[in-house]
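Asks: Quick one: structure below, then a few questions.
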Amino acid sequence: MFKGKKYLILSLVGLITFFTVILSCSLLESIESISFWQQDRLETVSLETVLANLPTQQEITTLPLANHPRLLANSDRFEALKQQIKIDPTTKEWYEKLHRQADRLIEEPLPKYKLPDETRLLKTIHRSVPTLALVYQIEGDRRYLDRVWQELKTVAQFPDWNPPHFLDTAEMTYAVSLGYDWLYQDLTQVQRNLIAAAIVKHGLKPAILEYQSGADWTTSERNWNQVCNGGIGTGALAVLDLYPQLASQVLALSLQHLPLAMQHYAPDGAWSEGVAYWHYGTFYNTVMLAALETSLSNDFGLSSIAGFSQTGLFPIYMNGTTNTPFNFADGEDSFIRAPELFWMSQRFQQPEYSLYQQQAIAHDALDLIWYQPLKQHQSLDSLPSDRYFRDAEIVTMRNKWSNTDGIFVGFKAGDNKIPHSNLDLGTFVIDALGVRWATELGKDNYNLPGYFDRDGQRWTYYKTRTEGQNTLVINPNLSPGQNPEAKSKIVRYVSQPQKSFAIADLTSAYGANVKQVWRGIYLQKQKNQIIIQDEIHTEKPQDIIWFMHTEADLQIEDGGKTAILRQNNQKLLVKLLNSNPNYLFLIMDVRPLASSPNPEEQELNLNLHKLAIKLPRVKDEQIALLFIPLTESETPPNKLIKMSSLSRW
């Protein structure tokens, strides 16, 4: 009897232990499947909580306010930076370059009130004032102090800071406030009063009118919000002691409105307007948070909004192996330098943010203010090689971070309604062997007639239309190419050591005559091969064109089934895997199709080429292309990836 009970107890213990281990392993697997860089989502606070705990105007007037200098840096930081310059070679190198730049700035003409395009104010002081003021703090040479005073006095006497284009007003307010604050202790009382009065007259009072009238930027959820609220809020902190009622009112309003944009960092830190506008907005967003910390010792939970702590990953993952970003939308094809990453690196203890920004060719005053040398060797190799940014619906994949000759693929679905978006759902870029083979065209001239008219004229320009992207055009005609209201998602994403792939459902982009359009991009990391595959199902036969823009020289071989791209003594072999004899590679000029609008004023990239495939009268089709990067002396490998349906990837 006792023996039977003993076995029963042991059996129960064994079962409990077994299920405990299984449950623990399952939980561990669940946790480990969340990227390290996503775990901080569990520690953020909701937007509603942040909004509920923001201070009122009256509460702001009761908060302890730091002495000048208090914007982004205080006296202790300036003293520490002097020592950092002496002992850290990187800081010393950056400062010496900045010092030389300050010497050149002293010789340049003072700012003038100009609107070169009749819309935007010609601004220089948002770069010159921080540079000159920082060098004065380090050197103590009054030449730099005097020059900053001359610049501030000059812009203070401007008739306004161009409030019709309020980005100008905000950026001017930020720059003037920084000069006022950093040099406060060495300015005379008369000088202080003149500058502070200009901040109020040209910055804070126009901002109040904008808030009261409900100007577009006050309710915007994108970069205009961040730049305007960040610049104006920083100005309010600069003069909060001198104009407490007005400044506290402006600061309370900027705090209330800034989260409208910050909510879009969730869930993973991406910015759907593209990496260039990520930097523009995030810089002023960060300036605001940093200034709150140094002035009031509190950012009121704004830095804890979901996604913000991860947003430093966005420019890192968007940057290709050529050090060129995935420049979708109104993007730029140059490395995105972002001093705010140094602040984020310290704030969120993410050394990778700092590593990325150190690669920049040039560094400005805020780089020096926020940079802290890393205590040990770090590498971006600690990051996963691939990432899917949800909501923005962007995927990037690569072989390895440290391999500058390796493969990088950027691929997007997303939302055509986002400001600055082009009709580019399904577009991609490819880097390999140090060359960008598939390139995005980026933005056109912002002063083109109707360039921002999303209900009409914007979609007449080649660079914004679907034919100006690396994607499919279905039934080419005068229409934009994709539905400007379309939103699409990545429906499957896999990242493994040997392979990565993403599949996007692009159906919504192409209208009622399409039943389903899916595009998948597959990277075989060990074989250095890429497949781009489209599966198309339509209600009735449609004419379809596949497009890819490139700077490379193009050559068609194998009866039109193979394209060879050559650039910088490297080559990219592209094989069309379909057996249909009607599907052949074509080389086209980068210009509008005969059926498309062709405004005279637009910029055309005539130095580029367009690899294309025309698919006439398609109803149900699968088309796949294999990309193989090779050095000039290499021959194609014997083993190639085989085409299979997207459902079998």
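The values are calculated or read from the model by the stated rules, or taken from the named source; none is laboratory data. Keep in mind it's a predicted model, so treat the numbers as computed, not measured. Cβ: placed from backbone, ideal geometry, glycine included. Neighbour counts: every protein chain shown. Note: accessible area is taken over every heavy atom of the protein model, side chains too, but ligands, DNA and RNA are not part of it. Shrake-Rupley method; radii C 1.70, N 1.55, O 1.52, S 1.80 Å.
Asks: Tell me, what ³J(HN,Hα) does each residue in the range 67-79 have, in order and in whole Hz, if you take phi through Karplus 6.51 cos²θ - 1.76 cosθ + 1.60 with θ = phi - 60° and put x for Gly and Pro?
Replies: Residue by residue, the range 67-79 yields 6, 6, x, 9, 9, 6, 8, 10, 4, 4, 5, 5, 5 Hz.
Asks: Of Pro581, His257, Trp182, which is farthest along the charge dipole of the chain in the positive direction, counting Lys and Arg as +1 and Asp and Glu as -1 at C-beta?
Replies: Value computed over the given set: Pro581.
Asks: Which residues in the range 464-506 place their backbone N less than 20 Å from a point set 7 Å from the Cα of Ser647 along the Cα-to-Cβ direction?
Replies: 489-494, 501-506
Asks: Right, here's the next one. In debye to the nearest 20, how big a dipole does the chain give about its Cα centre with +1 on each Lys and Arg Cβ and -1 on each Asp and Glu Cβ?
Replies: Result for the chain is approximately 1720 debye, rounded to the nearest 20.
Asks: Any idea what the alpha-carbon Rg over 2.2 N^0.38 Å comes to for the range 428-549?
Replies: That ratio works out to 1.18.
Asks: Same structure again: For Leu65 and Lys112, calculate 0.36 nm times their separation in residues minus their Cα-Cα distance, and state this gained length in nm to one decimal.
Replies: My answer for the length gained is 13.5 nm.
Asks: Which residues' amide hydrogens lie under 5 Å from the amide hydrogen of Gln529, considering only partners 5 or more residues apart or on another chain, with H built in the peptide plane?
Replies: Gln524
Asks: Beta carbons within 10 angstrom, averaged per residue: use that to sort the peptides 144-151, 191-198, highest first.
Replies: Result, highest mean first: 144-151, 191-198.
Asks: Right, another one. Using every alpha carbon pair in the range 464-535, what percent of pairs falls into each 5 Å bin from 0 up to the bin containing the largest distance?
Replies: 3, 15, 23, 21, 15, 10, 8, 4, 1
Asks: To continue, here is another question. Can you pull the one-decimal nm distance between simple spin-label points at Asp453 and Asn598, each 7 Å off the Cα toward Cβ?
Replies: Using points 7 Å along Cα→Cβ, the separation is 2.1 nm.
Asks: How long are the three semi-axes of the equivalent ellipsoid of the range 521-573, in whole Å, if each is the root of 5 times an eigenvalue of the C-alpha gyration tensor, listed from largest down?
Replies: Calculated on Cα positions only, the semi-axes equal 26, 17, 10 Å.
Asks: May I ask for the Rg/Rh ratio of the range 292-399, computed from Cα atoms with Rh as the Kirkwood radius, given to two decimals?
Replies: In the range 292-399, Rg relative to Rh is 0.96.
Asks: Report the extension gain between Thr635 and Thr219 in nm, rounded to one decimal, defined as 0.36 nm multiplied by the number of residues separating them, less their alpha carbon distance.
Replies: 144.1 nm
Asks: Could the peptides 63-72, 489-498, 89-98, 111-120 be put in order, highest first, of the mean number of other beta-carbon atoms found within 10 Å of their residues?
Replies: Put in order of decreasing packing, that is 63-72, 89-98, 489-498, 111-120.
Asks: Right, here's the next one. What percent does the relative contact order of the chain come to when contacts are Cα pairs within less than 8 Å and at least six residues apart?
Replies: Reported relative contact order: 9 percent.
Asks: Here is a further query. Could you check how much of the accessible area of the range 278-382 is carbon and sulfur, as a whole percent, using a 1.4 Å probe?
Replies: Its accessible area is 47 percent carbon and sulfur atoms.
Asks: If one takes the longest principal axis of the Cα atoms in the chain, at what angle in degrees, from 0 to 90 and to the nearest 10, does the Cα axis of helix 125-139 lie?
Replies: 60
Asks: May I pose another question? Under the √(5λ) rule applied to the eigenvalues of the Cα gyration tensor, what semi-axes describe the equivalent ellipsoid of the range 86-144? Give them in Å, descending.
Replies: 28, 13, 8
Asks: In whole angstrom, and with the biggest value first, how far do the Cα coordinates of the range 46-165 range along each principal axis?
Replies: 48, 46, 26
Asks: Which of Pro597, Ala432, Phe452 sits closest to the plus end of the dipole of the chain, meaning its Cα is farthest towards the positive end, when Lys and Arg get +1 and Asp and Glu get -1 on the C-beta?
Replies: Farthest towards the positive end: Ala432.
Asks: Let me ask something else. For Phe428, list long-range residues whose amide hydrogen, built 1.01 Å from N in the peptide plane, is under 5 Å from its own amide hydrogen.
Replies: For Phe428, whose amide H was placed from the backbone, the distant partners under 5 Å are Asn470.
Asks: Then there's this: Taking the Cβ of Phe300 as the centre, find all other residues whose Cβ is under 12 Å away and add up their charges (Lys, Arg: +1; Asp, Glu: -1).
Replies: Net of charged neighbours comes to -3.
Asks: Now for a different question. In the range 521-649, if every C-alpha pair distance is counted and binned at 10 Å from zero, what percent goes to each bin?
Replies: In whole percents, the pair-distance histogram is 11, 38, 35, 15, 2.
Asks: In Å and whole numbers, how far do the C-alpha atoms of the range 163-260 stretch along each principal axis, longest first?
Replies: That works out to 40, 23, 21 Å along the principal axes.
Asks: Hey, another quick one. Which value, in debye to the nearest 20, gives the size of the charge dipole of the range 163-313 about its Cα centre, when Lys and Arg are +1 and Asp and Glu are -1 at the Cβ?
Replies: Computed about the Cα centre, the dipole is about 280 debye.
Asks: Rounded, prolate or oblate: which fits the range 588-649, taking a ≥ b ≥ c as square roots of the Cα gyration tensor eigenvalues, rounded meaning a/c under 1.5, else prolate when a/b beats b/c?
Replies: Note, shape of the range 588-649 comes out oblate.
Asks: For a bin width of 5 Å, list the pair-distance distribution of the range 119-228 built from all Cα-Cα distances, rounded to whole %.
Replies: Pairs per bin, as whole percents: 2, 12, 23, 22, 16, 12, 7, 4, 1, 0.
Asks: Kirkwood Rh over Cα pairs of the range 394-450 into Stokes-Einstein at 37 °C, 0.692 mPa s: D in µm²/s?
Replies: 250
Asks: State to the nearest 20 debye the size of the charge dipole of the range 552-628 about its Cα centre, where the only charges are +1 on K and R beta carbons and -1 on D and E beta carbons.
Replies: 320
Asks: Would you work out which of Tyr353, Pro541, Leu240 lies farthest towards the positive end of the dipole of the chain, given +1 charges on the beta-carbon of Lys and Arg and -1 on that of Asp and Glu, about the Cα centre?
Replies: Farthest towards the positive pole: Pro541.
Asks: Order Ser579, Ser309, most accessible first, counting only protein heavy atoms with a 1.4 angstrom probe.
Replies: Largest accessible area first, the residues go Ser579, Ser309.
Asks: Which three lengths, in whole Å and largest first, does the chain cover when its Cα atoms are put on their principal axes?
Replies: Largest first, the chain extends 96, 81, 50 Å along its Cα principal axes.
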